[in-house]
1. Partner chain Cβ atoms within 10 Å, averaged over the residues of A:297-305 - can you pull that number for me?
2. How many nm is it between the label spots at A:Asn47 and A:Ala409, if each spot is 7 Å from the Cα in line with the beta carbon?
3. Can you give the extra length, in nm with one decimal, that the chain gains between B:Met171 and B:Leu280 once fully stretched, where that is 0.36 nm per residue apart less the Cα-Cα distance?
4. Sort A:Trp492, A:Trp62, B:Trp77 by Cβ crowding within 10 Å, fewest neighbours at the top.
5. With each run of n ≥ 4 DSSP H residues scored as -39500 (n - 2.57), what mean residue ellipticity at 222 nm is computed for the protein assembly as shown after dividing by its residue count and rounding to the nearest 500 deg cm²/dmol?
6. Fewest to most neighbouring Cβ within 10 Å: what's the order for A:Thr40, A:Thr174?
7. Less than 16 Å from a label point 7 Å out along the Cα-to-Cβ axis of B:Ser23: which backbone N atoms in the range A:160-189 qualify, by residue?
8. Want the number for A:Lys349 to A:Thr468: 0.36 nm per residue separation, take away the alpha-carbon distance, what's left?
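What follows draws every value from the coordinates through simple rules; no lab data is involved. All of these numbers come straight from a predicted model, not from anything done at the bench. All Cβ positions, glycine included, derive from the backbone under ideal geometry; neighbour counts span all protein chains shown.
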Amino acid sequence: MKKLASLIIIAAVLIPLSLYANSFNLTLTFCNGLDCGDVTAPSTPTNLEAEAVSTSQINLSWDASIDPGFPALGILGYKIYRNGGGTEVATTTGLSYSDTGLADGTLYTYTVSAFDGAYNESAQSSSVSTTTLSVPSVAPNASNGSPSGTFAAGTTETTLSLATDIAATCKYGTVADTAYAALPNTFSTTGGTAHSKLLSGLANGVTYTYYVRCQSTTNVAMTSDYTISFAVASAPVRVPGGGGGDKDELPLSQVNVIVRGIAYPGSTINLLKDGLAVASTQAGPDANFEIQLSGVGSGTFTFSVWAMDSQGVRSTLYPFTVTLTSGVTTVIGGVFIPPTVSLDLSTVKRGDPLRVLGQTVPNATVSLIFHSDTEIIDQVAADARGVWNYVLDTLKLEYGDHTAQARAAKATDISTLSKTLSFKVGTVNIPVKKETSALIGDYNADKKVDLVDFSIMLYWYKRPLATTAPPVDLNRDGKLDLVDFSIFAYHWTG
Amino acid sequence: MHKLLLLITILLVPHAAFAAVISFDPQETTVGMSTPFLVGITIDSDTPVNTIRGVIDVPESMEVVDASDGNSIINLWIERPYINDARQLVFSGIVPGGFEGYRGKLLTLTIQAKREGVARFIVNPSSRIYKNDESASPQPIISRPLDLRVSAGRDNISNEIPDTALPERFMPVVALIPDGSSDTQATSSIESGHWAVSFVAQDKGSGIAGYAVAESFSRIDPADERKVRRLSWRDAESPYVLADQRLSSYVYVKAIDKEGNVRIERLDPQQPRPWYRTALGYILIALIALIILNALRTRINISRRK
């Protein structure tokens with residue numbers, strides 16, 4: 001009796017469903033995970049365009065395909081084919097691709113196909129052809145010469161480097177106005193657009209000046225010098241600024257890394273090595289800082305620096321990846337920590353002023369960027385303490401959500417962008433809540449976002465999230481996944 | 001209907017003005033079968049990215065013998081590299097502060113070719129990269145497949161670069177891992193959970209092979225190999241829940257690289273045992289007890305004689 005009832009129920013569901021499917025000419029297929037019976041190929045990508053942007057690069061772009069399959073698993077990516085080859089040269093999830101490493105002055109033909117979640121591939125698009133730019137018969141232009149300024153006494157090695165706008169071979173010497181062919185030294189890494197040479201045997205109290213000339217692959221050489229000049233201090237330097245002012249320099253034999261830069265006057269500077277806090281110092285009244293780190297071995301390291309301003313507001317992390325050689329002191333200069341930024345209101349009544357404030361280098365120019373339907377960019381000058389204050393006329397903005405960012409410029413140096421702050425233009429004013437306990441990602445409430453908090457996330461990763469679990473689901477989508485780890489990494493303090 | 005689908009697709013598919021490039025960096029594109037060879041996996045990104053999950057389709061004719069994180073830009077691993085049931089190499093991790101640059105190393109694979117022909121490694125489209133921003137925006141990925149030609153008679157470049165350097169010094173931390181058994185929100189006091197030791201070490205040579213943890217009431221110099229060997233080591237992953245939840249033990253964490261070089265860090269007990277609960281304390285108490293008993297017995301004997 002039970003079996004008969006089950007059969008009747010199944011028939012009652014399947015018969016109308018199949019009639020419905022037939023009326024729309026659909027094919028019903030039973031699913032099994034990703035192998036879900038979607039056998040329909042996506043539509044062919046359209047409007048494929050190719051643009052030669054250099055002697056070795058062509059940029060492609062196209063319009064999106066759609067996946068009409070059932071169930072529609074969505075477009076997973078696009079395959080790029082070159083010169084009629086049956087094998088793709090690349091896959092991408094986006095709607096553009098830069099094909100690099102091409103020969104100059106050569107005609108290339110491309111097609112693109114789309115594939116969906118069931119790996120059904122569309123037909124290839126109409127082909128487009130373009131020719132890479134021919135190698136110019138002009139001399140290279142040199143830029144970004146390094147190093148500059150003055151190294152600490154005891155520095156014995158540095159890397160001479162510069163860039164050229166086109167592929168070239170670069171040479172250098174110590175006598176000005178020497179023709180390219182007569183220059184005595186060739187960079188050890190050269191031939192492309194980045195050129196470098198390790199210089200060793202540097203001595204204290206000496207200023208070094210090198211004259212560089214480069215020659216293109218078509219044998220056109222620069223006719224004037226590109227000068228790179230730097231010095232090594234004659235006396236041991238001291239850590240500048242308040243807290244570090246009385247600190248003697250570490251013996252140079254122990255020093256592996258020296259990080260120099262500018263932040264905010266009197267600010268606390270924290271140095272992270274591979275994500276973990278290893279040193280801190282205080283910037284001087286001119287915002288300059290220097291951190292020396294000893295006992296670091298050889299290898300590739302990711303360092304980050306962040307600062308806290310006089311109001312206790314943190315900067316974003318300023319990361320850099322360097323390869324260190326044991327026994328060699330590596331100087332990382334030119335670190336320009338982005339300004340701190342804060343708002344007085346989280347929601348501002350349209351027409352009322354919104355104050356945006358923060359701290360940076362004394363007398364710097366701060367550029368403010370308000371991301372809106374119409375982007376607003378404006379500037380304000382920092383005072384002698386590096387403090388800046390800007391009032392935004394919110395009549396310029398529509399109702400809704402907006403974001404603000406800042407960057408600072410001093411002389412020829414420009415910082416990276418500050419952290420992004422969100423605010424809303426509405427009908428009432430709501431002040432920003434003071435940050436009391438709320439460091440995002442600080443699950444153990446120790447005012448740091450660090451390894452312990454990462455361990456707490458790992459503990460909960462792939463475990464069901466209990467309602468009483470720590471707030472590891474940072475984007476509040478009901479699960480702990482890579483997005484939460486990414487938000488966590490953004491807020492890392494070490 | 002199609003117009004609606006097209007609109008949804010345009011809205012959902014991010015425009016790849018900026019992208020991260022995952023590349024393979026083989027020693028050679030024609031390899032032999034007699035010995036393993038190396039293939040690096042690198043990333044280029046013109047925008048800071050902080051979270052990477054790589055899924056690499058491994059061809060049938062190849063076997064991944066090892067995946068080394070030596071010199072990797074990934075500082076903290078969510079999933080250390082492993083091969084799944086679908087013959088895919090999977091790994092994920094984060095770079096606090098983000099990585100922006102050219103040819104940042106993710107992994108170095110040691111691969112053994114099993115048969116001749118052409119083998120293709122592909123970065124599977126299920127790989128994910130997220131930007132270093134507050135909303136974890138996905139970063140489009142561009143990849144090029146790697147085609148390797150396997151020729152039986154060819155000799156591979158020798159990979160025997162000795163790594164004699166210890167893993168870098170590291171700082172384990174003992175902290176409470178909230179287990180959700182009570183209100184453990186960051187804004188309230190933490191009342192419940194397990195005490196665990198968290199650790200991460202870097203090895204710039206061969207890469208980290210694994211970790212082990214030992215707990216002991218004894219304070220041992222990590223350089224004393226004989227005593228270190230006597231400790232009761234357990235293979236561990238961070239976070240490692242401590243057996244001694246009273247935190248009265250010394251905690252030793254051992255990082256081992258793939259050449260067998262070992263770095264040991266020691267943490268002092270957070271709640272040292274009072275002197276009378278140490279071995280010396282027990283002996284002293286026993287001795288005092290014996291002396292008192294002996295004195296009592298002597299006095300009793302004297303009074304009996306009287």
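1. On the way: counts 9, 4, 8, 8, 6, 12, 1, 5, 1.
Taking all residues of A:297-305 together, the mean is 6.
2. Spacing of the two 7 Å Cα→Cβ label points: 3.4 nm.
3. Gain on extension, B:Met171 to B:Leu280, equals 36.2 nm.
4. Values: A:Trp492 28, A:Trp62 24, B:Trp77 19.
Lowest count first: B:Trp77, A:Trp62, A:Trp492.
5. Numbers: 6 runs with 85 residues, N = 800.
My calculation for the protein assembly as shown gives -3500 deg cm²/dmol from helical runs alone.
6. On the way: A:Thr40 16, A:Thr174 12.
With the fewest neighbours first, A:Thr40, A:Thr174 line up as A:Thr174, A:Thr40.
7. A:167
8. Working: separation 119, 0.36 × 119 = 42.84 nm, distance 3.67 nm.
Stretched fully, the A:Lys349-A:Thr468 segment lengthens by 39.2 nm.
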